[in-house]
Amino acid sequence: MTARPIDGKDLSARVKADLRDRIQRAGRPVRLDAVLASPDRGAALYAHNQAKTCAEVGIEYHLHELSAEASYEDVAGRVLLMNTDESVRAIMVHMPLPPAIDAERVQSLIAPEKDVEGVNPANIGNVVYGRRSLVPCTALATLEMIEHTGIDLRGARAVIVGASNIVGKPIAVLLMRAEATVVSANKFTQGLPALCREADVVVAAAGVPGLVKPEWIKPGAVVVDVGINRIKGADGRTTTVGDVDAAVAGVAGWLSPVPGGVGPMTVAMLLRNVVDTALR
Ligand code: NAD
């Protein structure tokens, strides 16, 4: 069997086209305010690309650039000002922050109704309750990609490999909400290959290149690869690979590629959270 691709580029393009229409029809400005105080050049590049993506959809992008030596008080103060500014409807803070700053403490300051990345613990808590809330974007992206395959999640068995607060756990909870039978696995899980072999859906979100092997996969299963790993090949060139071994494509029914899978869809889900928040 050759797995059908779950094309994140194509799906995200469709989501963005829909968002563009919604903004045009609403006739109201939609804006995203992002804080950047990162010593990491990658974060600045990401912010620059984000500005372009927002422009394509018709979202105004306001980047609040602070020094890479900014203190917790600097970043927190900026977030608190944005919380009370009525013209600001959607807030995100680029990671990583300078090493001395506790990122989770900053994230928990973002007003929950403006927290478009869904990183405030209040929003993550509401995901568990199934209440209307802003859901972490990678989890939303993963669910959309699984649903795209048409699988009936009710009663399906799903294994989520990786259990971080922002990625693995919210994915597990969204699948539980869809009434799947969910196993949340982490680096201490025993017998992971056998657990995966029973699963109709496997989500790989561990940050370990090529972890999920073809012999772990039930023929025809849906496999979503969330991993983004930069590795150096034998030729010295750096490439981006996921957590799923390429040979899984010979066993799975559906497989999301890396790059071009969950990554672009995560960006689209952030924009959708921005538009939902602004037009609510
Ligand atoms: P993390 O390091 O915070 O958590 C990793 C989780 O995987 C932990 O629960 C750990 O116990 C588990 N794990 C590690 N090794 C394992 C193993 N051998 N077997 C089973 N479980 C194992 O990472 P994260 O922030 O959750 O990110 C996970 C991956 O997803 C990374 O590659 C990251 O780059 C990627 N990511 C992608 C997107 C996207 O938009 N596509 C967004 C966020 C993160």
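The values are calculated or read from the model by the stated rules, or taken from the named source; none is laboratory data. This is a predicted model, so every value here is computed, not measured. Please note: Cβ atoms are built from the backbone with ideal geometry, for glycine as well, and neighbour counts cover all protein chains shown. These area figures cover heavy atoms from the full protein model, side chains too; ligands, DNA and RNA do not enter into them. Shrake-Rupley method; radii C 1.70, N 1.55, O 1.52, S 1.80 Å.
All conditions in (1) assigned to a helix (DSSP H, G or I); (2) modelled with pLDDT of 95 or more; (3) within 16 Å of the ligand (Cβ to nearest atom); (4) open to solvent by 40 Å² or more (accessible area, probe 1.4 Å) hold for ARG105, with the sole exception of (3).
Give the residue that is least open to solvent (accessible area, probe 1.4 Å), with candidates limited to residues of the range 108-119 that are assigned to a loop (DSSP other than H, G, I, E, B), over 13 Å from LEU80 (Cβ atoms) and not β-branched (Val, Ile, Thr). Once the filter is applied, the top-ranked residue is GLY118.
One residue stands out among those in the range 147-163 that are in a strand (DSSP E or B) and within 11 Å of the ligand (Cβ to nearest atom): the one that is surrounded by the fewest Cβ atoms within 10 Å (Cβ to Cβ), which is VAL159.
Annotation: of all residues in the range 249-262 being open to solvent by 30 Å² or more (accessible area, probe 1.4 Å) and within 14 Å of the chain's Cα centre (by Cα), the one that is nearest to VAL212 (Cα to Cα) is VAL258.
Conditions (1) within 15 Å of VAL275 (Cα to Cα); (2) part of a helix (DSSP H, G or I), marked per residue:
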{"site": "VAL15", "(1), (2)": "yes, yes"}
{"site": "ARG20", "(1), (2)": "yes, yes"}
{"site": "ALA44", "(1), (2)": "no, yes"}
{"site": "GLU56", "(1), (2)": "yes, yes"}
{"site": "GLU69", "(1), (2)": "no, no"}
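For the range 124-140, which residues satisfy the criterion of being in a helix (DSSP H, G or I) and at pLDDT below 95? Once the filter is applied, which keeps residues that are in a helix (DSSP H, G or I) and at pLDDT below 95, the range 124-140 yields ILE124, GLY125, ASN126, VAL127, VAL128, TYR129. Residues that are touching a residue at least 40 places away in the same chain (Cβ under 8 Å) and near the ligand (Cβ under 9 Å from one of its atoms) within the range 257-268 comprise GLY261, VAL262, GLY263, PRO264, MET265, THR266, VAL267, listed in sequence order.
Just one of the listed residues (ASN229, ASN273) is near the ligand (Cβ under 10 Å from one of its atoms) and either surrounded by fewer than 14 Cβ atoms within 10 Å (Cβ to Cβ) or not basic (Lys, Arg) (or both), and it is ASN229.
Please work out if ALA204 is open to solvent by less than 60 Å² (accessible area, probe 1.4 Å), farther than 19 Å from ILE6 by Cβ and modelled with pLDDT of 95 or more. So ALA204 fails the test. Checking each residue in the range 164-188 for being of a type in the set (D, E, K, R) and more than 14 Å from the ligand (Cβ to nearest atom) picks out ARG177, GLU179. Are any residues in the range 130-145 touching a residue at least 60 places away in the same chain (Cβ under 8 Å) and over 16 Å from VAL203 (Cα atoms), and if so, which ones? If the condition is that a residue be touching a residue at least 60 places away in the same chain (Cβ under 8 Å) and over 16 Å from VAL203 (Cα atoms), then LEU134, VAL135 are the ones that fit.
Tallying residues that are over 22 Å from the mean Cα position of the chain (by Cα), more than 27 Å from GLY253 (Cα to Cα) and surrounded by 15 or more Cβ atoms within 10 Å (Cβ to Cβ) within the range 1-21 yields 0.
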